[in-house]
Structures are given as structure tokens and as C-alpha cells.
Amino acid sequence: MRLNIACIPGDGIGPEIVAEAKKILNQLASVYGHEIVYKDLLMGGASIDVHGVPLTDETIADAKAADAVLMGSIGGNTTTSPWYQLPPDRRPEAGLLKIRKELGLFANLRPAVLYQELADACPLKKEISDSGFDMLIMRELTGGLYFGERRTVEENGVRKAIDTLTYDENEIRRIAVKGFEVAQKRRGKVTSVDKANVLDSSRLWRNVVEEVAKDYPDVALEHMLVDNCAMQLVKDPAQFDVILTENMFGDILSDEASMVTGSIGMLASASLNDSKFGLYEPSHGSAPDIAGKNLANPIATILSAAMMLRYSFDLDREADAVEQAVKVILNKGYRTSDIMPKGGDAAGCTLVGCREMGDLLADEIR
């Protein structure tokens, strides 16, 4: 199979972690007989340095021409970098917001996996962390409260702010379809999260999700109110497979889910449009303080590449091989500094750098 991948290394540790993801993809191509064509693109601070803007029209066109986009991290030190002396619409993160819009990326996928080898980093009680968990939060990314009409007015001398939460059934249906499709590739369960006891938008959300569910009889559907879901994430996270929810609820819940794993350097993400096209990136930031020092953890980016193989190319076998390699290498005790246990807990673990972790994972894929 020929894979046309646009790569955006980005800023900070971005070039290092993308290089290791490419190493893994190249190994997979060799083992499974694929051809990969990369096109490296500039975005964020790297683009500002060359073009004066965080995202050019040429980069957008090249990204659209690819089958998928693999991205590192965008941005820098907000207090010392000259990028943050620019107007907000010319700062690095503005490029990220723009490319999501230009590529029509409405579905955000955030896995939250607790690897047994990293269970000690989990902030939850041991009896909960011992069970482990593997969930994915599917967040609607382009609608809802964040994109509704907003204004601030003064009435009778009192300031009043108004934010409007709006969803139409087509916006809900397309994210629900993605959620059920992803659940078919996982354990076949969708938990749709809303506030249907209060909000009209949530009642419509629930109705449309139930309509979509009829087309996926092999996927179990349950509904859960968002406040209960927030509680259940720390009480019994193992119950969840795919959590399907709207923009603001997803923003909050995905951050909560990521923190209960205890290791942000392990967290991948994907943003998909209404085809199989997606943009894949780690959930962590650009960490400019360790850039170029071979200290970064590349696993989140490598797992993002695995998501790309699974969701944009339907290469489930290859994605499984990457995820299994991560488990094996962790089980052998190899750790980058961010996931290295402290003190006596580090017994039996071996500290490795970014490049060495990439080498170990690539060697495990045979």
C-alpha cells in the first residue's frame, strides 16, 4: 500500500519525536511491504521564522493533498520567545486552529490508556489502577458553546455576558457515526455523555445518537450525564470504551481522563474529518526547555502514528504491532525520564533517550 503522509515536525521537541515516529513507520513499511511518501511541512513557530506567518496557503494545500497528516508539537516559551510578541492571529497556535478549520476536522479522538507497567504513576487508588483502563474520548470539535454567538452587553447599568450553545442534527449525526465506527474497531461500546436533564441541545444530542445507533447493532450504547461521567472517570474508569460527547464536555473530560493515566508523554490524539483523512499529534506540548537534548518521550507521537494507520489507512494489523511493541518495551523496563520511577521504585528500569526509545520500538517490530 502507498501511504502519502504530510509531516509537520513543528517546534520544540517536535522534530525529534516526529523523526522517531517516522523510524517506526519505515520499519513497518519494510516488514509489511508498504511504500511511504513523506512531505515535510512548516507550521507554527518554524513557519513564522521562514514565512512570517504560522501557516501558509501552500502548507494547507499540501496537507489537503496528503492521505493524512502527522504532526509534532507547536509553540514555544510564551514568556521569552519572540513569536509571542506578535499579534494573536500570527502566533504559533493560530496555525493549529486554522489548519483544523481548513481541513474540516470535527472529530477529536483522545485515548487514555493506563499501562500496567506505569500503574504507579496513576493518582487513583491502587485497587482502581490495578484493573487498568483503555478508553477513548470522542469530542465534537467545531460546534457547541465555543463556536456559538457571543456578546457582552450592559442592561440597567449591569454588565451581562451571553454565550450561545447551538448544535444541529447534522453536526451531531456525523460525530456520532465516527464514534460508532471507532467503537467497532475497539470493544464495541459507546457511552454518550450529555446533560439531557437540563439542556435542549443535549436532548437533541441524545435523540440523534439513538437514531445513529440503530445502524450499528454490534455496538452497545449507554447514556450518561456529564456530571456522573466526571465522577465515574475517577471511580471506575475501566467501564469505559468510547466516550462520545460535545465540545465543551469533551474538552473537560478528556483532560480529566488524561491526568488519571499519570503520564502525559504516553497520550496520543487524532482529529478526523468526514472522510478517512485525519491529523495525528501527541497530546503534550512542545517542551522547549528540553528540545534538542534527546530527552523527549516519543511514545505519544508513535502511538499517534498507530492511530493514523488504524483510522486513515485501515491498517489494523500494523497499528496493533506498534501498540504491542510499546507494551513489550515498557514491560522490559525501558523508560524515558518523564516516566522513570523515582528512588527505589526505579529498580529494574533502564533510562533511555528519545532516539534510543525509537530504536528499541523499531527493533521490536519484526
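The values are calculated or read from the model by the stated rules, or taken from the named source; none is laboratory data. What you see is a predicted model, and the numbers here were worked out from it, not measured in a lab. Here the Cβ positions follow ideal geometry from the backbone for every residue, glycine too, while neighbour counts run over all protein chains shown. Just so you know, the surface numbers come from the protein's heavy atoms only, side chains and all, with ligands and any DNA or RNA stripped out. Shrake-Rupley method; radii C 1.70, N 1.55, O 1.52, S 1.80 Å.
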Heavy-atom accessible area with a 1.4 angstrom probe orders Val328, Val31, most exposed first, as Val31, Val328
Return the long-range amide H neighbours of Leu244 (sequence gap of 5 or more, or a different chain), with a cut-off of under 5 Å between placed amide H atoms. Met138, Thr191, Ser192, Val193
So Ser337 and Gln232, fully extended at 0.36 nm per residue minus their Cα-Cα distance, gain in nm 34.7 nm
Residues of region 98-122 with amide N under 13 Å of a point placed 7 Å along Cα→Cβ from Ser275: 103-105
Rounded to the nearest 10 Å², the accessible area of Asp320 using a 1.4 Å probe with every protein chain kept is 80 Å²
Between Thr80 and Asp345, with labels modelled 7 Å along Cα→Cβ, what's the label distance in nm to one decimal, could you check? 3.0 nm
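Which pairs break 25 Å Cα to Cα here: Lys22/Lys126; Lys185/Lys327; Lys101/Lys293; Lys293/Lys342; Lys64/Lys178?
Numbers: Lys22/Lys126 36 Å; Lys185/Lys327 19 Å; Lys101/Lys293 33 Å; Lys293/Lys342 21 Å; Lys64/Lys178 20 Å.
From the list (Lys22/Lys126; Lys185/Lys327; Lys101/Lys293; Lys293/Lys342; Lys64/Lys178), the Cα-Cα distance tops 25 Å for Lys22/Lys126; Lys101/Lys293.
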Work out, step by step, the length gained on full extension between Asp89 and Val158: first 0.36 nm times the residue separation, then minus their alpha carbon distance; give nm to one decimal. 21.7 nm
Would you mind getting me the FRET efficiency between His51 and Ile264? Use the beta-carbon distance for r and R0 = 25 Å, nearest 0.05. 0.25
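Classify region 284-354: rounded, prolate or oblate, from the alpha-carbon gyration tensor (a ≥ b ≥ c, eigenvalue square roots; a/c under 1.5 rounded; otherwise prolate if a/b is larger than b/c)?
Values: a/c = 3.35, a/b = 1.47, b/c = 2.28.
Because a/c hits 1.5 or more and a/b fails to exceed b/c, region 284-354 counts as oblate.
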Area accessible to solvent at Tyr311, 1.4 Å probe radius, in Å²: 30 Å²
Would you check the accessible area of Tyr115, probe 1.4 Å, heavy atoms only, in square angstrom rounded to 10? 20 Å²
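Give the carbon-plus-sulfur fraction of the accessible surface of the chain in %, rounded to a whole number; probe 1.4 Å, heavy atoms of protein chains only. Don't jump to the answer; show the numbers that get you there.
Numbers: 8050 of 16160 Å².
Exposed carbon and sulfur together represent 50 percent of the surface.
Quickly estimate the mean residue ellipticity at 222 nm for the chain, helices only: each DSSP H run with n ≥ 4 gives -39500 (n - 2.57), and the total goes over all residues, rounded to 500. Please list the in-between numbers first.
Details: 12 runs with 145 residues, N = 366.
After summing the helix terms and dividing by the residues of the chain, the value is -12500 deg cm²/dmol.
With charges only on Cβ, +1 for K and R and -1 for D and E, what is the dipole size of region 148-233 about its Cα centre, in debye, rounded to 20? Before the final figure, lay out each step's value.
Working: 15 positive and 16 negative charges, 68 e Å.
It works out to roughly 320 debye.
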With a 1.4 Å probe and every protein chain left in place, work out the accessible area per residue of region 191-332 in Å², rounded to a whole number. 37 Å²
